[in-house]
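Note sheet for the following structure.
The values are calculated or read from the model by the stated rules, or taken from the named source; none is laboratory data. Remember, it's a predicted structure, so these values are computed and weren't measured experimentally. Cβ: placed from backbone, ideal geometry, glycine included. Neighbour counts: every protein chain shown. Heavy atoms of the whole protein, side chains included, go into the accessibility calculation; ligands, DNA and RNA do not. Shrake-Rupley method; radii C 1.70, N 1.55, O 1.52, S 1.80 Å.
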Amino acid sequence: MKCDHAFDDGAYVLGALSPSERASFERHLAGCAACREAVASIAVLPGLLGRLSSLDADTVGSVTAEFATEQRIPRLVAAVTHARRKDRARLVVAVVVTAAVALFAGVTAGAGRVSDPPPSVLGTVSRPPSAPAMFPMVAQVETKATAELAFRETLAGTVITMHCAYPMLSEYHKAYLFRLFAIGADGQTEQVSSWMAGPGEEVTLTGTVRLTMDDLIRVELRNREDLVLLAYNLP
Amino acid sequence: VHREVLVECFYKGRSIAEAAARLGIPPGTVKSRTHYALQSLRLVLAEMGVVR
């Protein structure tokens, strides 16, 4: 496959080509069987790599969550992954994790080694292996921080577990203050926790608010200036 | 070397141009590395019988 576009396949399935490059490559694909074949052979990989995040959010969480919100994977990949049967997909995921561990062992971009997760920097509670479903918080302003929440109702109120990640940035190294608030149906606001975190750090913490799950309508992650960075509305 | 382009382009969702600027390498090199990175991942998976 000796053509000018022979190397574009990888960037294409990763969604990393600029709109004009992508349009140009797609026009080329129409007339180049070798490139079509190359794209088809790797099209499934981003979908599989993306599933790593849901399986092992602690190790690749921050960066994949950031990626997922951008939804840059071309429709092609979505089509291919959706076409796969679910039971097969599950097997594929299990194996791709193993393969990716082999390939990515020693990855340094703040993700840590998959087989050897770094100790939580500021974590007060480590996530149990069978963690309950976590709900991603939605960015309210442009922010690099990502967070997910889990809720558990007790007699005392609602236990909120939050996992927050702040990706490694070359521009800053300072730690910033963050605060988590729970907001009730009648507008009452309770602070759940506050913590300091800087680039490349992940925090898991748990707090209890007296609001019941029924009373709780929204959880907000705010910065020092009380600006809401991330929020989650309870269904 | 192949890992870092995948990390930049996939996990951080950067474009080829952004990744090239961050890594200090030409955009064409980012493209060829994403090409080889995915090809080698595909080969690993093919050996394990996961993909064709």
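Only residues that are among the acidic types (Asp, Glu), open to solvent by 10 Å² or more (accessible area, probe 1.4 Å) and within 9 Å of another protein chain (Cβ to nearest Cβ) were counted across region A:9-27, and they come to 1. For B:Ser32, indicate whether it is open to solvent by less than 40 Å² (accessible area, probe 1.4 Å), modelled with pLDDT of 85 or more and either more than 8 Å from every other protein chain (Cβ to nearest Cβ) or under 16 Å from A:Asp8 (Cβ atoms) (or both). Against the criterion (open to solvent by less than 40 Å² (accessible area, probe 1.4 Å), modelled with pLDDT of 85 or more and either more than 8 Å from every other protein chain (Cβ to nearest Cβ) or under 16 Å from A:Asp8 (Cβ atoms) (or both)), B:Ser32 qualifies. Taking strands (runs of 3 or more DSSP E) as the structural unit, those lying wholly within region A:173-231 and holding at least 3 residues that are open to solvent by less than 20 Å² (accessible area, probe 1.4 Å) and under 13 Å from A:Phe151 (Cα atoms) correspond to A:201-209. Checked against (1) modelled with pLDDT under 70; (2) at the interface with chain A (Cβ under 7 Å from one of its Cβ atoms); (3) more than 18 Å from A:Gly47 (Cα to Cα), B:Val1 passes all but a single condition, namely (2).
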